[in-house]
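> Sharing a structure here in structure tokens format.
The values are calculated or read from the model by the stated rules, or taken from the named source; none is laboratory data. Quick caveat: nothing in here was measured; it's all calculated off a predicted structure. All Cβ positions, even for glycine, are placed from backbone atoms using ideal geometry, and neighbour counts span all protein chains on display.
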Amino acid sequence: MAVSDRSNVARRGIPINKKQFLTLFELLPEGIVILDTDDGWFSVNSALARLVDHSRATLRHAGRRKDPTLLNRCFADPAIWDKICLQGCVTNLETNLVRKGGDRITAIVNGAVIHKRGNGRHVVGMSILDITEHKKMARRLLRTKSELRRLKQQLESTLEDLGTAQRFLQESSRNLEKKSQATKVVMSRAEQNNRELKRSIAHNVDMLITPLIEHLKSTSLTEAQRHLVETLDFNVQHLTSQFGIAVAYGLKGLTPRGIQICKMIWEGKNSREIADAMGVTYLTVITQRKDIRRRLGLAKKKQNLASFIKQVM
């Protein structure tokens, strides 16, 4: 008879002989123990012996001698038998088994009184399922869930911070755009004012200064005076030009004669031509050029004066 056939026979309540019963008893995957609480007789299957790490022969020998001491030591709660006797049965009771080396495992117990006599004698049957690994997995699962909750909170916090940062950047971008537009308006107005100022200066020069310079040119002048008038005319005409700006900023601190010499250097004249135009000696121009270099901070530098003047202008 196959094992499945024996199980079907047992479930249908059909009587089976002792040999068939013991075969079923041994082949069940759960740990099984049957205990007579009155005289101490008990029997266990191989699955239970493996759970508590005892040899089945040792446990069977103790059962035949009706000495349940070894069996009771396998349970962290020896009173479990009394609970079954009092309640008639227990279902899915979680308890601990003590292995031979002292290690404990967690198990689910289902037990019931399978025979009861009037003199208080009980025969108790119990099935035991090891759930130690399940418990470990459950604890790991709880830790994983806890870690996932923590990561979720961190992610939500990070997303919230990113949202805040994004809103801040958007607001900053809008403010910068407004400032940029305002700056463009200011620069446009400044350029317009600059153009109007240049036109105004040019108009005033044409109306107030240019006639006087033209009158001076028509009078009898020495060569040096004529050159001074021409320099004055040139400077006036370039008040708002690159040369005028250079005189105001790049050539700041020069004397009128120094500015006159710089203007002629800018025009490309050499020192002898400048001396002839100004009616002075060559050595005077050389001395003036040294003074110009000192005032422009070029005294101890090897930079060419003409190149510097053209660069700043």
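> Just one of Ala112, Ala190 is touching a helix residue (DSSP H, G or I) at 6+ places or on another chain (Cβ under 8 Å) and surrounded by 10 or more Cβ atoms within 10 Å (Cβ to Cβ); which is it? Break it down stepwise before answering.
Details: Ala190 fails: touching a helix residue (DSSP H, G or I) at 6+ places or on another chain (Cβ under 8 Å).
None of the others qualify; the one that does is Ala112.
> Additional query: Quick test for you: out of Asp130, Asp206, pick the one residue that is touching a helix residue (DSSP H, G or I) at 6+ places or on another chain (Cβ under 6 Å) and charged (D, E, K, R). Can you show your working first?
On the way: Asp206 fails: touching a helix residue (DSSP H, G or I) at 6+ places or on another chain (Cβ under 6 Å).
None of the other options fit; the residue is Asp130.
> Identify, from the list Ala277, Ala246, Ala306, the residue that is modelled with pLDDT under 85, in contact with a helix residue (DSSP H, G or I) (Cβ under 6 Å, 6 or more places away or on another chain), assigned to a helix (DSSP H, G or I) and surrounded by 12 or more Cβ atoms within 10 Å (Cβ to Cβ).
Values: Ala277 fails: modelled with pLDDT under 85; Ala306 fails: modelled with pLDDT under 85.
Unique residue meeting the criteria: Ala246.
> Something else: Among the residues of the range 89-120, which ones are among the charged types (D, E, K, R), in contact with a strand residue (DSSP E or B) (Cβ under 7 Å, 6 or more places away or on another chain) and over 17 Å from Phe75 (Cβ atoms)? Quick ask: steps written out before the conclusion?
Residues of the range 89-120 among the charged types (D, E, K, R): 94, 99-100, 103-104, 116-117.
From the residues that got through so far, the ones that are in contact with a strand residue (DSSP E or B) (Cβ under 7 Å, 6 or more places away or on another chain) too are 94, 99, 104, 116.
Correct list: Lys116 only.
> From the list Leu70, Leu155, Leu93, Leu129, pick out the single residue that is without any contact (Cβ under 8 Å) to a residue 60 or more places away in the chain and assigned to a strand (DSSP E or B). Talk me through it step by step, then tell me what you get.
Details: Leu70 fails: assigned to a strand (DSSP E or B); Leu155 fails: assigned to a strand (DSSP E or B); Leu129 fails: without any contact (Cβ under 8 Å) to a residue 60 or more places away in the chain.
The match here is Leu93.
> What residue, of Leu51, Leu24, Leu59, is at pLDDT below 85, in the same structural domain as Val123 (by TED's automatic domain parsing) and assigned to a helix (DSSP H, G or I)? Break it down stepwise before answering.
Working: Leu51 fails: at pLDDT below 85; Leu59 fails: at pLDDT below 85.
After applying the criteria, what remains is Leu24.
> Something else about it: So, of the residues in the range 73-90 that are of a type in the set (A, V, I, L, M) and either part of a strand (DSSP E or B) or free of Cβ contacts under 8 Å to residues at least 24 places away in the same chain (or both), which turns out to be nearest to Val109 (Cα to Cα)? Outline the logic, then answer.
Looking only at the range 73-90, we keep the residues that are of a type in the set (A, V, I, L, M), and these are 76, 79-80, 84, 86, 90.
This time we only want the ones that are either part of a strand (DSSP E or B) or free of Cβ contacts under 8 Å to residues at least 24 places away in the same chain (or both), so: 79, 86, 90.
Working: Ala79: 13, Leu86: 16, Val90: 8 Å.
Here the residue is Val90.
> Which condition breaks for Glu94 when tested against (1) in the same structural domain as Leu35 (by TED's automatic domain parsing); (2) surrounded by 11 or more Cβ atoms within 10 Å (Cβ to Cβ)?
(2)
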